[in-house]
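> Sharing a structure here in structure tokens format.
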Amino acid sequence: MATTAQAQQLQTPRNRPIARTPVRYRISKNHGRAMLAVGILFDLLPLFLIIGTSVFVFKLLGDASAKAASNVAACFNPATLTDLWNCAMFASSPVTELSKIALASGAAAFTAVTLGPIMYAIGSFTSTLLALFVFLVWFLVKRVNPFSPTAKRMLTNLLTMIVESIPLLNILPGITFAVSRHIRISRMEDEERHREKPVGRSAA
């Protein structure tokens, strides 16, 4: 009858397969998180631009209204010669002065309505081009080609291009979506390549 040691030796043949090593991802979790953070920043950049433009325009509108209110208030309590002059101008031609106030307010409102979307379009286009360059280099450094002719990558690029090209629709986080999808696809490719890799055999 074989001893326990002999039984263990019989259960460990020379050609016993070695356990698979962990998958080596080209883009680690930390790199993936960093890429997503940069993608979110690029998606938020046009919004920051339009908010800043709107604040600037409405500040101009507020300054114009405040100046008009100051001229009117000077008529009730003039403190300087300038106040007296402004009061006299307003009293001599109130219709003209009110027209100037209305024109300034209308111009500021028109600028806010037109300049905001224009600045957003410029910011969105610029951020998209900059993101394309940054992430193309970043992915290639990690040995990932986001423009490889595979169905998943081509569909991702097509959807991103549509989202980023249509006004109002480009408010959606298209860049973040594309980065997330390419990272996920690369990890799926790494896992598939790892499964197809032949398993080694133990030495004698």
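> Out of the residues in region 112-147 that are surrounded by fewer than 17 Cβ atoms within 10 Å (Cβ to Cβ) and hydroxyl-bearing (Ser, Thr, Tyr), state the one that is modelled with the highest pLDDT.
Among residues in region 112-147 that are surrounded by fewer than 17 Cβ atoms within 10 Å (Cβ to Cβ) and hydroxyl-bearing (Ser, Thr, Tyr), the one modelled with the highest pLDDT is THR126.
> Which of the residues that make up region 157-174 are under 21 Å from ILE118 (Cβ atoms) and in a helix (DSSP H, G or I)?
Once the filter is applied, which keeps residues that are under 21 Å from ILE118 (Cβ atoms) and in a helix (DSSP H, G or I), region 157-174 yields VAL163, GLU164, SER165, LEU169, ASN170, ILE171, GLY174.
> A further question on this structure: Would a scan of region 166-176 turn up a residue that is without any contact (Cβ under 8 Å) to a residue 60 or more places away in the chain and hydroxyl-bearing (Ser, Thr, Tyr)?
There is no residue in region 166-176 that is without any contact (Cβ under 8 Å) to a residue 60 or more places away in the chain and hydroxyl-bearing (Ser, Thr, Tyr).
> Are any of the residues in region 144-156 of a type in the set (A, V, I, L, M, F, W, C), assigned to a helix (DSSP H, G or I) and under 28 Å from TYR120 (Cβ atoms)? It would help to see each step written out before you state the result.
Within region 144-156, the first condition is being of a type in the set (A, V, I, L, M, F, W, C), and the residues that meet it are 144, 147, 151, 154-155.
Narrowing further to those that are assigned to a helix (DSSP H, G or I): 151, 154-155.
Adding the requirement that they be under 28 Å from TYR120 (Cβ atoms) leaves 155.
Yes, region 144-156 contains at least one residue that is of a type in the set (A, V, I, L, M, F, W, C), assigned to a helix (DSSP H, G or I) and under 28 Å from TYR120 (Cβ atoms).
The values are calculated or read from the model by the stated rules, or taken from the named source; none is laboratory data. Every value quoted in this text rests on a predicted model; they were computed, and no experiment measured them. With ideal geometry, Cβ positions are generated from the backbone for all residues, glycine too; neighbour counts draw on all protein chains shown.
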